[in-house]
Amino acid sequence: SKAVVSTQSTGFAEHVQLFTQWHVYLSQGYNLVCYGVGSKRKLLIHFSKKMLKHDYHMVVNGYFPDLTVRDILNNITNNMLGSSATFRSPHDQLSYIRNSKYTQLYLLINNIDGANLRNEKSQMLLAELAAIDHVHVIATIDHINAPLLWDADKSKLFNWLWFDCTTFEGYTDETSIETSLMVKQTGAIALSSMTHVLRSLTPNARGIFKLLATFQQDSGPEFQGITFQDFYMKCREKFLVNSDATLRTQLTEFKDHMLIKTRNVDGSEALYIPVEPKILQQFLESEF
């Protein structure tokens with residue numbers, strides 16, 4: 001059940017009056033989620049300037065299309081905590097943050113329901129981060145279905161208090177990002193399309209696509225593609241297909257969905273996924 005603390009208020013000044021109360025709640029182990037009509041970005045920035053001048057804090061714009069949880073964790077471990085260590089995984093970073101008990105960290109996330117943070121893996125990592133005793137999170141949401149991101153386990157980790165922070169402010173910054181995306185057709189469109197299509201496929205098909213994506217990513221920027229025969233052998237080794245006809249059928253489906261393309265490399269037809277390496281990396285981290 002939600003702990004809804006504040007009543008509806010439409011004035012910026014009224015929300016500001018709650019800042020001291022918010023700070024107390026954070027110190028008591030709660031995290032805060034702000035919902036309501038209108039951009040809440042200025043509100044969070046104002047909170048950081050008024051209440052966190054002498055604390056380690058970071059403002060995160062979750063509506064940025066290329067933002068990942070790994071970016072957030074890197075910022076905390078490298079910039080806020082000054083670590084020069086190389087971490088093998090996000091969970092290693094969480095352990096490092098958990099052990100840095102002497103530092104109170106405040107995380108202000110505009111749009112924790114941003115398109116690139118909505119996946120299961122990202123929300124679970126954010127929930128585990130928010131559950132650390134000395135990490136304090138204030139987040140905003142705008143999507144009507146945002147509360148569905150958090151099942152009972154995640155809700156327990158986040159330990160949210162809910163505030164109606166209706167501002168009726170325009171979404172100027174948030175929509176400027178979205179508009180530029182629509183014009184440029186950049187990576188986030190490809191990422192969301194790829195994610196949507198892949199989730200509709202069979203587990204076996206997902207395995208085949210993951211194999212190609214991983215091979216392409218591991219091969220680096222010089223990757224031009226992999227021949228059908230070489231890819232078939234890799235799929236056979238992983239027990240993903242039992243005949244080349246099965247693989248051809250699956251590749252045809254990928255092509256129909258525009259997940260893969262082919263090009264001529266040294267006289268042979270080579271398969272590749274037509275997205276930038278950074279987008280492919282985000283995809284692999286969020287979906288597998």
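The values are calculated or read from the model by the stated rules, or taken from the named source; none is laboratory data. Just so you know, these numbers come straight off a predicted model, no measurement behind them. Quick reminder, even Gly has a Cβ in these numbers, built from the backbone with ideal geometry, and neighbours come from all protein chains shown. The area values use the complete protein model at the heavy-atom level, side chains included, leaving out ligands, DNA and RNA. Shrake-Rupley method; radii C 1.70, N 1.55, O 1.52, S 1.80 Å.
Summary of computed values
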{"read-out": "Spans of helices (runs of 4 or more DSSP H) in the range 8-65 with at least 2 residues closer than 11 Å to residue 140 by Cα and of a type outside the set (D, E, K, R)", "value": "41-51"}
{"read-out": "Residues located in the range 138-174, provided they are assigned to a strand (DSSP E or B) and either over 10 Å from residue 33 (Cβ atoms) or not aliphatic (A, V, I, L, M) (or both)", "value": "140, 160, 162, 163, 164"}
{"read-out": "Total residues in the range 83-123, condition surrounded by fewer than 15 Cβ atoms within 10 Å (Cβ to Cβ), out of contact with any strand residue (DSSP E or B) (no Cβ under 7 Å at 6 or more places or on another chain) and of a type in the set (S, T, N, Q)", "value": "5"}
{"read-out": "Residue that is modelled with pLDDT under 90 and more than 24 Å from the chain's Cα centre (by Cα), where the choices are 261, 184", "value": "261"}
{"read-out": "The range 29-45 - residue that is at pLDDT below 90 and either over 24 Å from the mean Cα position of the chain (by Cα) or among the charged types (D, E, K, R) (or both) and, of those, most open to solvent (accessible area, probe 1.4 Å)", "value": "42"}
{"read-out": "When residues of the range 213-232 are limited to those that are of a type in the set (Phe, Trp, Tyr) and in a helix (DSSP H, G or I), the one least open to solvent (accessible area, probe 1.4 Å)", "value": "231"}
{"read-out": "Any chance residue 226 is in contact with a strand residue (DSSP E or B) (Cβ under 9 Å, 6 or more places away or on another chain) and touching a residue at least 60 places away in the same chain (Cβ under 8 Å)", "value": "no"}
{"read-out": "Residue in the range 264-286 that is surrounded by the fewest Cβ atoms within 10 Å (Cβ to Cβ), counting only those that are within 24 Å of the chain's Cα centre (by Cα) and under 21 Å from residue 235 (Cβ atoms)", "value": "274"}
{"read-out": "Residues satisfying the stated conditions in the range 241-257, i.e. in contact (Cβ under 8 Å) with a residue 40 or more places away in the chain and assigned to a loop (DSSP other than H, G, I, E, B)", "value": "257"}
{"read-out": "Count of residues meeting criterion [open to solvent by less than 80 Å² (accessible area, probe 1.4 Å) and either acidic (Asp, Glu) or within 32 Å of the chain's Cα centre (by Cα) (or both)] in the range 233-258", "value": "12"}
{"read-out": "Residue check for residue 128: touching a residue at least 60 places away in the same chain (Cβ under 8 Å) and either under 18 Å from the mean Cα position of the chain (by Cα) or open to solvent by 10 Å² or more (accessible area, probe 1.4 Å) (or both)", "value": "no"}
